[in-house]
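The values are calculated or read from the model by the stated rules, or taken from the named source; none is laboratory data. Quick caveat: nothing in here was measured; it's all calculated off a predicted structure. When we count neighbours, we look across all protein chains shown, and the Cβ atoms used for this are built from the backbone with ideal geometry, even at glycine. What goes into the accessible areas is simple: the full protein's heavy atoms, side chains included, and nothing from ligands, DNA or RNA. Shrake-Rupley method; radii C 1.70, N 1.55, O 1.52, S 1.80 Å.
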Amino acid sequence: MKILFLLLAGLLLAPLALLHAAGKPNIIFILADDAGIGDFSAYGCKYGTTPNIDRLASEGMKFTRAYSGSAVCAPSRCVLMTGQHTGHALRRANQSKIGLLSLPPDQMTVARLLHEAGYATGGFGKWGLGNPGSTGVAEKQGFDVFFGYYDQKHAHDYYTDHLVRNSADVLYQLSGKETWEDYSHTRIANETLKFIEQNKDRPFFCYAAWTPPHGDFVIPENPVFGEKQWPEDIRNYAAMVALVDRDVGRVLQKLKDLGIDDKTLVIFSSDNGANPEFIEPLGSTGGLRGYKRLLYEGGMRTPFIARWPGNIQPGTTSDALTSFMDFLPTAADLCGVPAPKGIDGHSIAPALLGKGQQEPRESLYFEIYEPFFQQAVRMGDWKGYRLGTKAPLELYDLKADPAEAENIAAAHPDIVQKIEAIMTAEHTPSPHYDAPEQGSAGGPKAKKKASLPELLNEEKPTPNAKH
Ligand SMILES: [Ca+2]
């Protein structure tokens, strides 16, 4: 009887233990909000250093041709969670004709997939894919726990009197002063570390969707950039990037302290490109054209670094063409479960681990309905961009012209035709947005934005882009 009991107990415990025994990693995805590729020294930052993120790169793999899911928050996060690109995904702008769109109850997400594979799942920071009361809340989308902001507007407030845990408000007595204790990121980073510690003995997925350096541009103290003669927003933004880096360091230290370094894949990235006000003073878009909301490179080319000691070769670089849609199938691959049907991404585990054959990628497709309908395709070194569906396609050779300065469409009608065909094939109509032919529009807020000529006039592309 005793032996039978031990056998049964062993069988019950086996799946969790086996996951680690088989080399299936904990997965920590740290997502900065609105940070540009030029904000990080691993990608050539001009104004400061991010030593902990540099360490991720020197101990792991840095991707040089990685893209976020979109050029604004909600669609980018939707792509990350669902593995579908923005031609198929529910969220294709922050807003829609009918307001906020919540993920439906039957949505497959990376959190649900990992949860069903036996992982503990926790999210910390900004969710943005369903507010409390909707079907889209994180705890109905595969997370055991989500702590932070469910609502994107709420996430602007760093000195808030409440955060949200699994749809319930967590109330705080604020001191009325701008202290680290009252600063929301302090609470969110601490909860991130606590989750890692609590789940150290079992496989876990930690989605650290931290809110800095997204505005409001406020921080309790600014020892690094406080003396700079920059406008306050610029100084604070730079300090918020440094804060993200500091807390990447805290996560790495925690993994070391817990002895789970070699069981843990850490990925660092940002959800979309930088805002235009940080281009000139800081070079936050890394010399690329465009910025947040535009499907030029500066709006969506993203830092993407992955570290898994003993499994990812340290100090390596990958030029694999990848975007956030690849995260779900990669996670599925690493934990040994089949990727769901109906997704657009593919696993980049072969590139990460240097094992097997990485499936080549012909092209990446993007669309966005904010502030105007735009489409973009990356195909090899080619980049096609189109405003609306009627405007002529702009074509750039990113190898020769990384800043997308010279439109060479007229010289390459065959490439233009190929890219237009991809745009037609990958776009599916959505009932939640105005028809692309109308040239706009992610809902009432987006319609109040500046016109595109005004937006483009703010651009200051520089010809010496390296990424
Ligand atoms: Ca964002």
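Values for this structure:
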{"item": "Whole-Hz ³J(HN,Hα) from phi, Karplus 6.51 cos²θ - 1.76 cosθ + 1.60, for the range 210-227, glycine and proline x", "result": "5, 8, x, x, 4, x, 4, 8, 9, 7, x, 8, 9, x, 7, 10, x, 8"}
{"item": "For Phe146, residues with placed amide H under 5 Å, excluding near neighbours", "result": "Gly123, Asn166"}
{"item": "Full-extension gain in nm, Glu280 to Glu197, via 0.36 nm per residue minus C-alpha separation", "result": "25.8 nm"}
{"item": "Out-of-range pairs (alpha-carbon distance over 23 Å; input Lys24/Lys254; Lys62/Lys140; Lys263/Lys355; Lys194/Lys228; Lys46/Lys194)", "result": "Lys62/Lys140; Lys194/Lys228; Lys46/Lys194"}
{"item": "Separation in nanometres of the label points that stand 7 Å from Cα toward Cβ, at Leu171 and Gln313", "result": "5.7"}
{"item": "Nearest-ten-degree value, helix 2-21 long axis tilted from longest Cα axis of the chain", "result": "20"}
{"item": "Efficiency of FRET from Cβ geometry, Asp216 and Thr424, R₀ 35 Å, rounded to 0.05", "result": "0.30"}
{"item": "R0 of 22 Å, Cβ-Cβ distance Ala391-Ile98: FRET efficiency to nearest 0.05", "result": "0.25"}
{"item": "Label point distance in nm, Thr186-Lys153, each placed 7 Å from Cα along Cα→Cβ", "result": "2.8"}
{"item": "Cα centroid separation - the range 127-203 against the range 221-261, whole Å", "result": "19"}
{"item": "Residues whose placed amide H lies under 5 Å from that of Gly286, excluding near-sequence neighbours", "result": "Gly38"}
{"item": "Mean Cβ count within 10 Å, highest first, over the residues of peptides 345-358, 79-92, 301-314", "result": "79-92, 301-314, 345-358"}
{"item": "Proximal charge balance of Glu404 [Cβ under 9 Å; K/R count +1, D/E count -1]", "result": "-2"}
{"item": "Heavy atoms of Ile98: accessible area, 1.4 Å probe, square angstrom to 10", "result": "120"}
{"item": "0 to 90° range, to nearest 10: angle between helix 73-82 axis and the chain longest Cα axis", "result": "50"}
{"item": "Local electrostatic count at Val137 - Lys and Arg +1, Asp and Glu -1, tallied over other residues with Cβ under 14 Å", "result": "+1"}
{"item": "Within-12-Å neighbourhood charge of Leu321 [Cβ basis; K, R +1; D, E -1]", "result": "0"}
{"item": "³J(HN,Hα) computed for each position of the range 104-116 - Karplus, 6.51 cos²θ - 1.76 cosθ + 1.60, integer Hz, glycine/proline x", "result": "x, x, 9, 5, 7, 10, 5, 5, 5, 4, 6, 4, 5"}
{"item": "Added length on full extension, which subtracts the Cα-Cα distance from 0.36 nm per residue, Thr135 to Asp262", "result": "42.1 nm"}
{"item": "Theoretical ellipticity at 222 nm over the chain - DSSP helices of four or more residues, -39500 (n - 2.57) apiece, nearest 500", "result": "-8500 deg cm²/dmol"}
{"item": "Chain lengthening between Ala400 and Lys46 when straightened (0.36 nm per residue, less Cα-Cα)", "result": "125.2 nm"}
{"item": "Tyr172 - accessible surface, heavy atoms, 1.4 Å probe, Å² rounded to 10", "result": "50"}
{"item": "FRET efficiency estimate (nearest 0.05) - Cβ-Cβ, Asp161 to Glu232, R0 22 angstrom", "result": "0.40"}
{"item": "Which of Thr330, Thr317 is most accessible, then next, and so on - probe 1.4 Å", "result": "Thr317, Thr330"}
{"item": "Residue-wise HN-Hα coupling along the range 49-58, computed from phi with Karplus coefficients 6.51, -1.76, 1.60 (Hz; x: Gly, Pro)", "result": "10, 10, x, 6, 6, 4, 5, 4, 5, 6"}
{"item": "Folded to 0 to 90 degrees: helix 232-258 orientation relative to the chain principal axis, Cα", "result": "30"}
{"item": "Solvent-accessible ranking of Leu258, Leu163, largest area first, probe 1.4 Å", "result": "Leu258, Leu163"}
{"item": "Interchain or long-range residues, amide H under 5 Å from Ser270's placed H", "result": "Ala32"}
{"item": "Distance from the range 39-78 to the range 85-122 (C-alpha centre basis), Å", "result": "23"}
{"item": "Simple label model, 7 Å out from Cα along Cβ direction - Ala410 to Lys355, nm", "result": "5.3"}
